[in-house]
Amino acid sequence: MSLVRVHNFTVSLDGFGTGEGQSLDTPFGHAGSRLMGWAFPTRTFRRMGLHGDGAGSVGVDEAFASRWADGIGVEIMGRNKFEPLEGAPSDEEWRGWWGENPPFHTPVLVLTHRPRPPLEMEGGTTFYFVDAEPAEALAQARDLAGDLDVRLGGGATTIRQFLAADLVDEMHVVVAPVVLGRGERLWDGLEGLEERFDIEATPSQSGVVHLTFVRRSTAD
């Protein structure tokens, strides 16, 4: 069966995956670019065409960032990754943060209580808007992914719900050396999570720590 994977999801030292006050002009709320500062200079993020010019950096950060698309057939994301809490145009007008050719190039399931018709974009990305619990959404995603894996794209609430339902197989979480104090937390209600995964930590010269979580075998 295909795996459910999380890649490049960044949290602050105090566990927040985004800041407070998300809006059209502030996608990460009051956190600004502080959480993702490690990623924007990498070759992978530069190739997305959204985060500056030039070839981009290589090294530890790029080695982790580059894994996000390999073997992925579909992404699941929460509504607030697709659109802001405040300031977006009407549902039919808003087409995401990424322009007409989003970087996903696969189907994307957007979890929302306000479904709308599928939104087909350039480059092979189609957004499907579904009102579903994690297990149901995952079943739909696997139908779209075929033999490929499912990427769980965030935000923090969506990942936390899938972790609570024990539906995540592999996870890459980046701990950034910032303290946000408020926003949307990842780890709340997940006491004992470490017992389900083998965890490794890799520090980077950029100041972040890359944590990889791999589901333990049931035989362990």
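Some observations on this one:
- From the options 161, 140, residue that is of a type outside the set (Lys, Arg), touching a Pro at 6+ places or on another chain (Cβ under 7 Å) and either within 25 Å of residue 83 (Cβ to Cβ) or open to solvent by less than 30 Å² (accessible area, probe 1.4 Å) (or both): 161
- In the stretch 13-41, the residues that are farther than 13 Å from residue 154 by Cβ reach residues that are of a type in the set (Lys, Arg) and surrounded by fewer than 21 Cβ atoms within 10 Å (Cβ to Cβ) with C-beta atoms within less than 6 angstrom, at least six apart or across chains, in these pairs: 15/185; 20/182.
- Residue 188 vs. criteria open to solvent by 70 Å² or more (accessible area, probe 1.4 Å), at pLDDT below 95 and more than 15 Å from residue 6 (Cβ to Cβ): no
- Selection within the stretch 108-126 - out of contact with any Asp or Glu (no Cβ under 8 Å at 6 or more places or on another chain) and not polar (S, T, N, Q): 110, 117, 118, 119, 120, 123, 124
- Strands (runs of 3 or more DSSP E) fully within the stretch 113-220 counting 1 or more residues that are among the aliphatic types (A, V, I, L, M) and touching a helix residue (DSSP H, G or I) at 6+ places or on another chain (Cβ under 9 Å): 126-130, 149-152, 170-175
- Residue match in the stretch 76-86 (condition: touching an Asp or Glu at 6+ places or on another chain (Cβ under 7 Å) and at pLDDT 95 or above): no
- Taking residues in the stretch 107-136 that are at positive phi and small (Gly, Ala, Ser), and partners anywhere that are part of a loop (DSSP other than H, G, I, E, B) and open to solvent by 30 Å² or more (accessible area, probe 1.4 Å), the pairs with Cβ atoms closer than 6 Å and at least 6 places apart or on different chains are 123/101; 123/105; 124/105.
- Taking residues in the stretch 149-161 that are over 19 Å from residue 31 (Cα atoms), and partners anywhere that are at pLDDT below 95, the pairs with Cβ atoms closer than 7 Å and at least 6 places apart or on different chains are 149/2; 150/2.
The values are calculated or read from the model by the stated rules, or taken from the named source; none is laboratory data. A quick note: this is a predicted structure, and the numbers were derived from the prediction, not measured. With ideal geometry, Cβ positions are generated from the backbone for all residues, glycine too; neighbour counts draw on all protein chains shown. The protein model used for the area step is the full one, side chains on, heavy atoms only, and it has no ligands, DNA or RNA in it. Shrake-Rupley method; radii C 1.70, N 1.55, O 1.52, S 1.80 Å.
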